[in-house]
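The values are calculated or read from the model by the stated rules, or taken from the named source; none is laboratory data. As the structure is a computational prediction, the values presented were derived from the model and not from experiment. Please note: Cβ atoms are built from the backbone with ideal geometry, for glycine as well, and neighbour counts cover all protein chains shown. Heavy atoms of the whole protein, side chains included, go into the accessibility calculation; ligands, DNA and RNA do not. Shrake-Rupley method; radii C 1.70, N 1.55, O 1.52, S 1.80 Å.
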Amino acid sequence: MSPSDPVLHSDRLLLSARRDDGGHTSDLLASRVNHGDLLRIRRGCYFPTAAWLRSPPWDRHLIATAATGLTDQSAIFCRETALAIFGLPLLHTPKTVQIRTPNNESVGQRRRR
């Protein structure tokens, strides 16, 4: 595996969580976003800005896909996103993470950063 391998990148994803003292780590993570240290990939999921900027577009798509899987346990990946997960080469990097949903209220596209 090379340093740009998305499997290695996914271990840098940070998730917000409740702390034992009743606080929430999202406040600390939001502060790091405001300072430019982190990017918010999805609600409650953050990634180091420098690593994101060094990553090629196809790795960014896989990082966003990993963030989706970590924050939405029911996500079912489809189309080009599913092909990318399995390592198949794509002609173009998808602009969105493509998932299936049984809930009509969740239908729509959410663009990656």
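Observations on the structure shown:
- Those helices (runs of 4 or more DSSP H) of segment 28-112 in which 2 or more residues are of a type in the set (D, E, K, R) and at pLDDT 90 or above occupy 57-71, 79-85.
- Close pairs (7 angstrom Cβ cut-off, 6 or more residues apart or separate chains): at positive phi and open to solvent by less than 80 Å² (accessible area, probe 1.4 Å) in segment 30-42, at pLDDT 90 or above and among the hydroxyl-bearing types (S, T, Y) anywhere: G36/T49
- Residues that are at positive phi, charged (D, E, K, R) and surrounded by fewer than 17 Cβ atoms within 10 Å (Cβ to Cβ) are absent from segment 43-56 altogether.
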